[in-house]
Amino acid sequence: MGVFPSGAKGLLHSMQIRKQFKFESAHVLPHHQGKCARLHGHSYRLDVAIRGPIRTSGPAQGMVDDFDTIAAIVEREVIDVLDHRSLNELMDNPTCEIIIQWIWARLKDHLAGLDELILWETATSCAVLRATDFA
Ligand SMILES: [Zn+2]
């Protein structure tokens, strides 16, 4: 506790944590008037953010959740399903905005405190989905 000028009283009780994942998938956007109507692929990056209390007991004491636990769930429910797959096999018109909603639906029952997803389709283009969007 000595590193905190105000001692333990300065520690927060809850916060957001996030972990980043990568997968590579193909897709076609059938309604697009330009090059996205052709079969092509992306190296997607996915940020998964959890918000919750910092645990005060057990093996994850001092954590919102164990990053390894989050990784195991996201890999099982999302990455293993989408990686090296044509996304059109799983959803119609797989835009970034539609893919991120598919991912949210896969994760919401498995990740308590799911707070935010960011799906990067390219280095400069992403969709953001927050728990508050469903309020
Ligand atoms: Zn694309």
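FYI, it's all coordinate maths here, none of it is from the lab. Only a predicted model underlies this, so the values are computations on that prediction, with no experimental measurement involved. Don't worry about glycine lacking a Cβ; one is built from the backbone with ideal geometry, like all the others, and counts go over all protein chains shown.
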In a Debye calculation with equal point scatterers on the alpha-carbon sites of the chain and no solvent, what is log10 I(q)/I(0) at q = 0.16 Å⁻¹? -0.84
Where does the charge balance sit around P94 when Lys and Arg score +1, Asp and Glu -1, over other residues with C-beta under 15 Å from its C-beta? -3
In the range 41-104, what is the volume of the convex hull around the alpha carbon atoms, normalised per residue and reported in Å³? 91
MRE, 222 nm, helices only [DSSP H, n ≥ 4, -39500 (n - 2.57), over the chain, to nearest 500]: -4500 deg cm²/dmol
